[in-house]
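First up is the structure itself, then whatever we jot down about it.
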Amino acid sequence: MNISKKNAFASSAITLLLVLTFFAATTPVAKAAGPCGETAYANGQLFCINLTKIITNPSAGLLASSEPLYIAAYFTSSTPTTTIGGFVLPTAQLGGCDITNPSSCGPELVGSSGYKPLCNPCFHGGFLNNFPYHDHVISGAPGSGNDGTAGVMKGPWVLILVAYNPSYTTQPGFTPFKSTADITAGETAGDFLAINPSAANPYEINTGIVVIFGVQPVS
């Protein structure tokens, strides 16, 4: 997998901002029946995820064994941008959302496809507020088989941020990537923006934060 685990960023300030209210969404959508914190795609299907643990300073061994949890964000344009800690982030949010004023942000559609992001919007807090419209994509889920999928249904996962290229999401008939393999292929195809230009993989911000959560089918 092209997740560049060894390139996890070392900015403690941003790490703290990322983790303070991770998965404490103010406007969760696409909830499953029963207790469901968030939803995520895995191998083309939708699942419920319930966060149980956040590890901000994982051991090298734990980080190396973690599978990717992507936050795949949507924007209306690749410009303008803002630079934070070396990361180049687009600021053109769906619907003109002002991330400093969440009350200005409501449910939106991606391009002309009619697709609604899983988080539409969600404000997870701190640095993650730069990505209010996004999907969660994980590497496995219950019943996904034995080839590196079912075995990771309880994690650990490492949180990775990616931003769709609007030239891709505005195409007629757009559908989101619903597996980590598809995201990796999309990076190669130019379907994501280079938000981390100095990294070996410029399309990903590897936070170095490991999360543990349960996964269950959406009923």
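Worth a mention:
- For the stretch 209-219, the candidate set comprises residues that are over 23 Å from TYR164 (Cβ atoms) and in a strand (DSSP E or B); within that set, the residue that is nearest to the chain's Cα centre (by Cα) is VAL210.
- Number of positions in the stretch 37-76 that are of a type in the set (A, V, I, L, M, F, W, C), outside any strand (DSSP E or B) and within 17 Å of the chain's Cα centre (by Cα): 1
- Across the stretch 97-138, the number of residues qualifying as at pLDDT 85 or above, assigned to a loop (DSSP other than H, G, I, E, B) and either small (Gly, Ala, Ser) or under 19 Å from the mean Cα position of the chain (by Cα) (or both) comes to 21.
- Some residue of the stretch 197-208 being among the polar types (S, T, N, Q), buried (at least 17 other Cβ atoms within 10 Å of the Cβ) and either in contact with a Gly (Cβ under 8 Å, 6 or more places away or on another chain) or in a loop (DSSP other than H, G, I, E, B) (or both): yes
- Condition check for TYR70: in contact (Cβ under 8 Å) with a residue 24 or more places away in the chain, surrounded by 19 or more Cβ atoms within 10 Å (Cβ to Cβ) and of a type in the set (Phe, Trp, Tyr): yes
The values are calculated or read from the model by the stated rules, or taken from the named source; none is laboratory data. These numbers were taken from a predicted model, which means no experiment stands behind them. Heads up, the Cβs are rebuilt from the backbone with ideal geometry, glycines too, and the neighbour counts pull from every protein chain shown.
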